[in-house]
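Structure first, commentary second.
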Amino acid sequence: MADSSPSTASGDKFAVEVELDSFQGGSGGGVRSRKRPSISQSVHHGVRVRRSNGVIVLALAAVLVCAHIIIRLVYPAQPQPQPQSAPPPPAKPEQHKAAAPPPPPPPPALPEPKSATTRPTFFTVELPSDLRVELEQCAAICSGASPLDAQRIADQSILNPIHSFTQRRDHAYGQPLQKNLYPADWPYLAYSTSQFALFSLLHFRLSLPPPTPLPTPPTQATADFLFLNLDTYLLAHCCASCPASASLPPSLDRHVIRRAVTSFLQAFVTAHGTRRDYPSLVLSLALIDHDYEGNVLREDTEKKLRDKVIVTGIERAPWESVDRLKWFEGAPYPSAFHLGTGPDQLAKARTWLDTRKRQYLLSFAGKDEPLTPKSGKGPHNGFALRHHLTTSLRPHASSPSIHLHLFAPGSSHSPSTIASIHASMASSTFCLQPAGDSPTRKGFWESILLGCIPVVFRRATYDKVWKTPFEIEGVQVGGDGYWDARVAWVVDEDDLMQDGGEDVVQRLRSVGDDDVRSRQEEMRRIVGAVQFGMVGEDGEGGTGDAVEVFVSRLARIRDREDDNDGDEEEGA
């Protein structure tokens, strides 16, 4: 009995553990109460349970091993990512200077408002082709061509119209002069430009694309200004004076042509004169006012032009009629000298003026008698003064300080003679510029280009050229009294011609150095604005020249910065 006690005790213990394991996790979650089995039953049952549990454990282990092998075969082990090393610390900026932050992006460009800084746009209105051909033929015959040659000229303009840039430029500026006529350091390009080429120059320059390309070319409806392609040089030669009028065929009646031109002009102004709230039609006169008083400046036509057309010309001094034009914009006479297209051409011209030696006190070139009896009868002619000047200057002809070129009426001047005149002007302190057939002279503007102080004998002669002031380098140019006070030297005509008075040589020798220097400085400042610069096909050149000054004045009119309060001489 004693040998069985430990077994019984251990069997009972195992039976109790099995019971607990067998009934754990029931729905009640606790231990179910049942009758306790006998010791032999408990031992037998414990052995059976222990064997079955071992089999189950082995089976489960085998299943797990197989599952692991299958998983490793199907899904191979991926390499584990290596931990990234921390980035190196940023380099310390240089101690002497901190890095500047990037500039902010520029704001979007806004459309530029139309103001005096916005260049006006232009559209050229053509004359009817049949009227243009008749005008060309008439002008050619009146200038000395035979009727047959005039017909060939007209045919050529129809069959081969001027289209290329070079053809149009040469038509406006003329042909280049021989390079050996002027010194190598001469700052200008010398061309055979007519002093009456204003219309041709404006027509050419305003028809070129603007320096800043436009999205779309201007049309007759959209352009700020309409430029009338009426060749007033041909008009004057046909309708104003025609020495060869007897050679004109019946088909070229000057009076019929004149009426056709004025009728076209009046109809055009009537149709388009109110297209803008400012005068937007432009008419350029090639010659002096007197040559148009019987045609486009006839009284009835001039009244129609008064408020609607801007007329530009080299002179505003009518002979036979009252000046009724409200919008007149003067321009310098075109000369033979033009600044080139390079960006430093103006600076070179100014340097040349600064370093020029003035070995002569004065220079004068001209005639003392009118070309024709009619030309000397105008109310503004200066031939009495010219006669007085030549009479008083001849005794000084041998003086080393005076250079004279006196011509007979109608004499021709070779290019070399003209170059010699220019050389003497460029070496003189003063250049005499008396009135001739009309109050103004081309020589006045050439004097400025060559640094020779123009001497005028009538006050306010040139004030009407740039009546509307503008600025060059921040200083005003133009306006009442500008030319007399800042550029020219005035010798009163009536005082000079009185008997016993000082002659012009004595008067000019008494001019002080300060007066000379101040005028030379002013001429140096405005020299670019009184010439018609050359331009390239790409639009380069012409910056700040006489054409651009004219365009800037039109911008002021367009923007109503110049109301022109009516200082015209109507009723004078």
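Scanning segment 412-422 for residues that are open to solvent by less than 50 Å² (accessible area, probe 1.4 Å) and either touching a residue at least 24 places away in the same chain (Cβ under 8 Å) or aromatic (Phe, Trp, Tyr) (or both) gives Ala419, Ile421, His422.
When Met425, Met523 are checked against the criterion of being buried (at least 21 other Cβ atoms within 10 Å of the Cβ), within 24 Å of His387 (Cα to Cα) and touching a residue at least 40 places away in the same chain (Cβ under 8 Å), a single residue qualifies: Met425. Residues that are open to solvent by less than 60 Å² (accessible area, probe 1.4 Å) and of a type in the set (Ser, Thr, Tyr) within segment 121-173 comprise Thr121, Thr124, Ser146, Ser157, Ser164, Tyr173, listed in sequence order. Of the residues making up segment 362-371, just one is open to solvent by 30 Å² or more (accessible area, probe 1.4 Å) and part of a strand (DSSP E or B), namely Lys367. For segment 307-355, filtered to residues that are acidic (Asp, Glu) and either in a loop (DSSP other than H, G, I, E, B) or crowded, with 19+ Cβ neighbours inside 10 Å (or both), the residue that is modelled with the lowest pLDDT is Glu320.
Looking only at residues in segment 218-243 that are in a loop (DSSP other than H, G, I, E, B) and modelled with pLDDT under 90, the one that is most open to solvent (accessible area, probe 1.4 Å) is Pro243. Scanning segment 268-278 for residues that are open to solvent by 60 Å² or more (accessible area, probe 1.4 Å) and farther than 21 Å from Val551 by Cα yields a count of 2. Note on segment 205-217: among residues that are of a type outside the set (Ser, Thr, Tyr) and in a loop (DSSP other than H, G, I, E, B), the one that is surrounded by the most Cβ atoms within 10 Å (Cβ to Cβ) is Leu208. Among the residues in segment 284-293, are any at pLDDT 90 or above and not in a loop (DSSP other than H, G, I, E, B)? For segment 284-293, residues at pLDDT 90 or above and not in a loop (DSSP other than H, G, I, E, B): present.
Residues considered: Leu265, Leu281, Leu297. Of these, the only one that is buried (at least 21 other Cβ atoms within 10 Å of the Cβ), more than 21 Å from Asp130 (Cβ to Cβ) and at pLDDT below 95 is Leu297. Against the test of being hydrophobic (A, V, I, L, M, F, W, C) and crowded, with 22+ Cβ neighbours inside 10 Å, the options Val455, Val477 yield a single qualifying residue, Val455. Taken over segment 383-412, the criterion of being in a strand (DSSP E or B) and hydrophobic (A, V, I, L, M, F, W, C) is satisfied by Ile402, Leu404, Leu406, Phe407.
The values are calculated or read from the model by the stated rules, or taken from the named source; none is laboratory data. Just so we're clear, the structure is a prediction, and the values are computed from it rather than from any experiment. Using ideal geometry, Cβ is built from the backbone for each residue, glycine included, and neighbour counts are taken over all protein chains shown. All accessible areas refer to the heavy atoms of the entire protein, side chains included, with ligands and DNA or RNA removed. Shrake-Rupley method; radii C 1.70, N 1.55, O 1.52, S 1.80 Å.
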